[in-house]
Amino acid sequence: MARQRAAARAAIAVLVFTVLASTSGNAQGAQSVAHRANYGVLAGINFATLSGNDIQDAKTRTGLTAGAYAALPIGTGVSFQPELWYSMEGAKSNTSENGELKLSYIRLPVMLRFAVPTAGTTRPFVAVGPSFGFQTSCKFSGSSGGVSASVACDDVGSSVGEGVGRKKFDVSGRLEGGLTFDTGGRRLIVGGSYSHGFTDIFKNSDGKNRVFSIFVGVGL
């Protein structure tokens, strides 16, 4: 009987040691992943419009956006996250001519990302920072009576006077939020963002970009 009790105690001790060692290893592995730089690609849809004293009844223009990110840990749950995006923006007019301002940008958001610690593999995050944009195209388009037309913004500016033109450089504030899912060795991302422009898109005119986006992504 004494030998059986001793054997049972030994078996329990081995089991407890094994469980503790496994838990410690998993925690260290998760901690290692959390403190490692990661990279990924993103794609989504923009819902863009304009606002300002010179903007009246602007409607939402839908466009595509795609980019990449790098998350570089700088502390527990905090990362420096630069991003690079191609972004279709602008607005539609609320008139019978179906007017539309089509803007495209290459954007570089510079974000601080805060991850919310959780026990599972699903983690909420929020990121905030400035976004710097370079306008790659600007067009006005419209249709009336079955006839459609499109003209570059530079051509419109030159035809109406020398003080009118587009501003190619844009500065905005960006706020992101979403969830990451670690599955099958990959990090999947679902999120949304809001960009609030601080720079007028045209000279001598009060009109700024406002963009809400939804996106999905995968870590590489």
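The values are calculated or read from the model by the stated rules, or taken from the named source; none is laboratory data. This is a predicted model, so every value here is computed, not measured. FYI the Cβ positions are ideal-geometry reconstructions off the backbone, even for glycines, and counts take in every protein chain you see.
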### Message
Conditions first: (1) of a type outside the set (D, E, K, R); (2) at positive phi; (3) assigned to a strand (DSSP E or B). N204 passes all but one, so which condition is the exception?
### Response
(3)
### Message
Every residue in the range 65-82 that is in contact (Cβ under 8 Å) with a residue 40 or more places away in the chain and closer than 18 Å to H196 by Cα, please.
### Response
T65
### Task
Pull up the range 121-140, narrow it to residues that are of a type in the set (S, T, N, Q) and farther than 20 Å from A91 by Cα, then point me to the one that is nearest to the chain's Cα centre (by Cα).
T122
### Candidates D200, D206, D154, filtered to the one that is exposed (fewer than 15 other Cβ atoms within 10 Å of the Cβ), closer than 23 Å to Y105 by Cα and touching an Asp or Glu at 6+ places or on another chain (Cβ under 8 Å)
D206
### Query
Residues in the range 46-92 that are under 24 Å from K203 (Cβ atoms) and among the hydrophobic types (A, V, I, L, M, F, W, C): how many?
6
#### Entry: Lone unmet requirement of (1) assigned to a strand (DSSP E or B); (2) out of contact with any helix residue (DSSP H, G or I) (no Cβ under 8 Å at 6 or more places or on another chain) for D155
(1)
### Task
Tell me, yes or no, whether the range 156-163 has at least one residue that is acidic (D, E), modelled with pLDDT of 90 or more and in the same structural domain as A70 (by TED's automatic domain parsing).
no
### Message
Given (1) within 16 Å of L103 (Cα to Cα); (2) of a type in the set (A, V, I, L, M, F, W, C); (3) in contact with a Phe, Trp or Tyr (Cβ under 9 Å, 6 or more places away or on another chain), identify the lone condition not met by V41.
### Response
(1)
### Task
Determine the pairs where a residue that is crowded, with 17+ Cβ neighbours inside 10 Å, located within the range 109-123, has a partner that is part of a loop (DSSP other than H, G, I, E, B) and not aromatic (F, W, Y) with Cβ atoms under 8 Å apart, the partner being 6 or more residues away or on another chain.
A115/G77; R123/V116; R123/P117
### Task
Report yes if some residue within the range 179-193 is exposed (fewer than 13 other Cβ atoms within 10 Å of the Cβ) and modelled with pLDDT under 85; otherwise report no.
yes
